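So the structure is just underneath, and the comments pick up after that.
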Amino acid sequence: MITTTGLTKVYRSRGREVTALDGVDLHVREGEVYGVIGQSGAGKSSLIRCVNLLERPTSGTVTVAGQDLTALAGRGPRAGRELRQARSRIGMVFQHFNLLSSRTVRDNVELPLEILGVSGKERTRKALELLDLVGLADKAGSYPAQLSGGQKQRVGIARALAGDPKVLLSDEATSALDPETTRSILQLLRDLNRQLGLTVLLITHEMDVVKSICDSAALMEKGRIVESGTVSELLATPGSELAAALFPVSGEATGDDRTVVDVTFHGDAATQPVISQLSRTYNIDISILGAAMDTVGGKQVGRMRIELPGRYEDNVVPIGFLREQGLQIDIPGREQEPALLKEGAAK
Ligand SMILES: Nc1ncnc2c1ncn2[C@@H]1O[C@H](COP(=O)(O)OP(=O)(O)OP(=O)(O)O)[C@@H](O)[C@H]1O
Ligand SMILES: [Mg+2]
């Protein structure tokens, strides 16, 4: 639904160049909620602004719903109108809502319809329908100043839906909201995604957002996507930074003669009592140093950091047992894990 290839954005100001995007290949499938995370300055906002061509990419292409927007932007005087039309099919939700304070809620939602040249009566009908959809039917005549942050964001979302978009872009839509309001706005985005088949690309710095509503996610660093995939693929990727950030576990070994093991559970494995099996089978005492469990996409997933008595070399067999149960095993601080395992097993 959204594809970028080799997307690059270089800002030039006062003789200085900043490469905000450095060859980004993004692929968002139709109907999914896709989260992009990354540190401040990683290029997330630049990416989203390039996707709807609010910002002109320096190079690369952007295709949304089969339409090459970069080509539209570059084709002379008519391009302006075509691009505007294409853009009206891409809804955008902002962190600070960007509502007009002098207009009522209904008039704010009608604004994009006015720009599209929709007649007065039809505009009002559509605006009221959208306000109903976001749960604000009773606030149509209010002014933004009379609304809470969560209600303002609902207006922002209704306005973004005015052009019947196929795609909704959201740049930190919940970061100005308290946790409870955040949850209700995320739920709304999820519902819209399901009810309308809307594809959602959202930028966030909150891992909880990714955990609660995203089907897929990408991690950006210095203008590049360094990891991407569905949330379950990421969890199944050994050493994935995103997976570790989604399910952070901590805890230090309690002594030198101990082995710390990170166990990632997904799907059915989560329900099997593997830890107690391990303990019984090898007659060892296992300490749990930390754990994070959650339900992602209806499946129970999680990580647990456990400690086994003895050094790594003494635990090759129990670790092999865990792997055989279909669990993903990471040994913190040990990069060349598989090779060492083979060597150990041969002894
Ligand atoms: N209009 C601009 N002119 C010059 N440099 C810019 C401009 N917009 C962004 N940048 C620079 O591009 C880089 C990426 O910025 P961007 O806003 O995309 O980051 P971000 O990931 O959204 O960060 P944040 O999490 O703080 O919102 C930064 O180094 C930033 O200073
Ligand atoms: Mg930003």
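Observations on the structure shown:
- Of all positions in the stretch 273-287, none carries a residue that is hydroxyl-bearing (Ser, Thr, Tyr) and assigned by TED's automatic domain parsing to the domain that holds ALA176.
- Selection count where residues are within 23 Å of ARG12 (Cα to Cα), more than 22 Å from the chain's Cα centre (by Cα) and not small (Gly, Ala, Ser), scope the stretch 58-71: 3
- Listed by position, the helices (runs of 4 or more DSSP H) contained in the stretch 1-90 that have at least 1 residues being within 16 Å of ligand 1 (Cβ to nearest atom), crowded, with 19+ Cβ neighbours inside 10 Å and among the charged types (D, E, K, R) are 44-51.
- Scanning the stretch 180-208 for residues that are among the acidic types (Asp, Glu) and more than 14 Å from the chain's Cα centre (by Cα), we see that the one that is nearest to ligand 1 (Cβ to nearest atom) is GLU180.
- Set side by side, the residues LEU219, LEU177 differ, and just one is touching a strand residue (DSSP E or B) at 6+ places or on another chain (Cβ under 9 Å) and hydrophobic (A, V, I, L, M, F, W, C), which is LEU219.
- Qualifying residue in the stretch 31-46 (condition: of a type in the set (Asp, Glu), more than 14 Å from ligand 2 (Cβ to nearest atom), more than 22 Å from LEU246 (Cβ to Cβ) and in the same structural domain as ILE90 (by TED's automatic domain parsing)): no
- Flag if ILE213 is touching an Asp or Glu at 6+ places or on another chain (Cβ under 8 Å), touching a residue at least 40 places away in the same chain (Cβ under 8 Å) and among the aliphatic types (A, V, I, L, M): no
- Qualifying residue in the stretch 146-160 (condition: more than 30 Å from HIS27 (Cβ to Cβ) and in contact with a Phe, Trp or Tyr (Cβ under 6 Å, 6 or more places away or on another chain)): yes
- Annotation note: of THR70, THR8, THR58, the sole residue that is more than 15 Å from ligand 2 (Cβ to nearest atom), touching a Lys or Arg at 6+ places or on another chain (Cβ under 8 Å) and farther than 26 Å from SER175 by Cα is THR58.
- Pairs are defined by a Cβ separation below 8 Å, a sequence spacing of at least 6 or placement on different chains, a first member in the stretch 109-127 that is under 13 Å from LEU161 (Cα atoms), and a second member that is of a type in the set (Val, Ile, Thr) and surrounded by fewer than 20 Cβ atoms within 10 Å (Cβ to Cβ); the pairs so defined are GLU110/THR124; LYS126/VAL118.
This table checks each residue for (1) in the same structural domain as GLU32 (by TED's automatic domain parsing); (2) modelled with pLDDT of 95 or more; (3) in contact with a helix residue (DSSP H, G or I) (Cβ under 8 Å, 6 or more places away or on another chain).
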{"site": "GLN95", "(1), (2), (3)": "yes, no, no"}
{"site": "VAL105", "(1), (2), (3)": "yes, yes, yes"}
{"site": "GLU110", "(1), (2), (3)": "yes, yes, yes"}
{"site": "LEU113", "(1), (2), (3)": "yes, no, yes"}
{"site": "ASP138", "(1), (2), (3)": "yes, yes, no"}
{"site": "PRO144", "(1), (2), (3)": "yes, yes, yes"}
{"site": "ILE157", "(1), (2), (3)": "yes, yes, yes"}
{"site": "GLY163", "(1), (2), (3)": "yes, no, yes"}
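- Only one entry of GLY326, GLY310 meets the criterion of being exposed (fewer than 15 other Cβ atoms within 10 Å of the Cβ) and modelled with pLDDT of 85 or more, and that entry is GLY310.
The values are calculated or read from the model by the stated rules, or taken from the named source; none is laboratory data. If you're wondering where the values come from, they're calculated on a predicted model, not measured in any experiment. For neighbour counting, all protein chains shown are included, and Cβ atoms are generated from backbone atoms with ideal geometry for every residue, glycine included.
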